[in-house]
Ligand code: GRF
């Protein structure tokens, strides 16, 4: 678990691969009064990730790592995180699976947001599967990351009711809006439980 932080903010690194709308919401949150996090380092596996624009614009240190050899990427990332004394990692649309060893090094300090009501619909294409199965509800979940995909302890969830004949694109959009609210709330909860 994350150690007591006292009056200090958690030095946070956000990992992204794509659009980075959650990164944007987390940056906004980090700048609000009394926020428990300070985003000091943004990491991507994809140098074309649109989200990198937001961190660069806010002058947050931003670095891309090639995952052609993921073990080497992880060694480099771990070294850089240690150097910067990062004590919270927020995965936000990060499309690479971190190794057991990596997770062990940051046990209880890596969280993720997933666009379903876990434990239902782990993995990809959640909205398509939710609609195919004619579910009444879906939503999003913030959870601790452990070595099994989308399976760590749940911190917070938000339920979203499906609309009649809603397609996956529209549902994704509505859930993403909720993600932007849920992720900061879940971080507050995590930190207040320390
Ligand atoms: C979000 O739906 C998140 O739940 C999932 O990937 C998507 C990332 O979106 N893990 P964005 O890059 O934050 O806009």
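So which residues in the range 90-142 are assigned to a strand (DSSP E or B) and either within 11 Å of the ligand (Cβ to nearest atom) or in contact (Cβ under 8 Å) with a residue 60 or more places away in the chain (or both), if there are any at all?
Scanning the range 90-142 gives 90, 91, 111, 112, 113, 114, 139, 140, 141, 142.
Please go through the range 56-89 and pick out each residue that is under 25 Å from residue 152 (Cα atoms) and within 16 Å of the ligand (Cβ to nearest atom).
Matches in the range 56-89: 89 only.
Regarding residue 22, is this residue within 16 Å of the ligand (Cβ to nearest atom), outside the structural domain of residue 177 (by TED's automatic domain parsing) and either surrounded by 16 or more Cβ atoms within 10 Å (Cβ to Cβ) or outside any loop (DSSP other than H, G, I, E, B) (or both)? I'd like the intermediate steps shown before the answer.
Working: within 16 Å of the ligand (Cβ to nearest atom): yes; outside the structural domain of residue 177 (by TED's automatic domain parsing): yes; either surrounded by 16 or more Cβ atoms within 10 Å (Cβ to Cβ) or outside any loop (DSSP other than H, G, I, E, B) (or both): yes.
So residue 22 passes the test.
Only one residue in 37, 89, 75 is crowded, with 18+ Cβ neighbours inside 10 Å, modelled with pLDDT of 95 or more and more than 12 Å from the chain's Cα centre (by Cα). Which one?
Of 37, 89, 75, the one residue that is crowded, with 18+ Cβ neighbours inside 10 Å, modelled with pLDDT of 95 or more and more than 12 Å from the chain's Cα centre (by Cα) is 37.
Go through the residues of the range 41-55 one by one and say whether even a single one is more than 16 Å from the ligand (Cβ to nearest atom) and touching a residue at least 12 places away in the same chain (Cβ under 8 Å). Walk me through it before giving the result.
Taking the range 41-55 first, the residues more than 16 Å from the ligand (Cβ to nearest atom) are 41.
Still in the list and also touching a residue at least 12 places away in the same chain (Cβ under 8 Å): 41.
Scanning the range 41-55 turns up at least one residue that is more than 16 Å from the ligand (Cβ to nearest atom) and touching a residue at least 12 places away in the same chain (Cβ under 8 Å).
Would you tally the residues in the range 145-190 being touching a residue at least 40 places away in the same chain (Cβ under 8 Å), buried (at least 17 other Cβ atoms within 10 Å of the Cβ) and touching a strand residue (DSSP E or B) at 6+ places or on another chain (Cβ under 7 Å)?
12
The values are calculated or read from the model by the stated rules, or taken from the named source; none is laboratory data. Quick caveat, the model's predicted, so the values are computed rather than measured. Note that we place each Cβ from the backbone using ideal geometry, even for glycine, and neighbour counts take in every protein chain shown.
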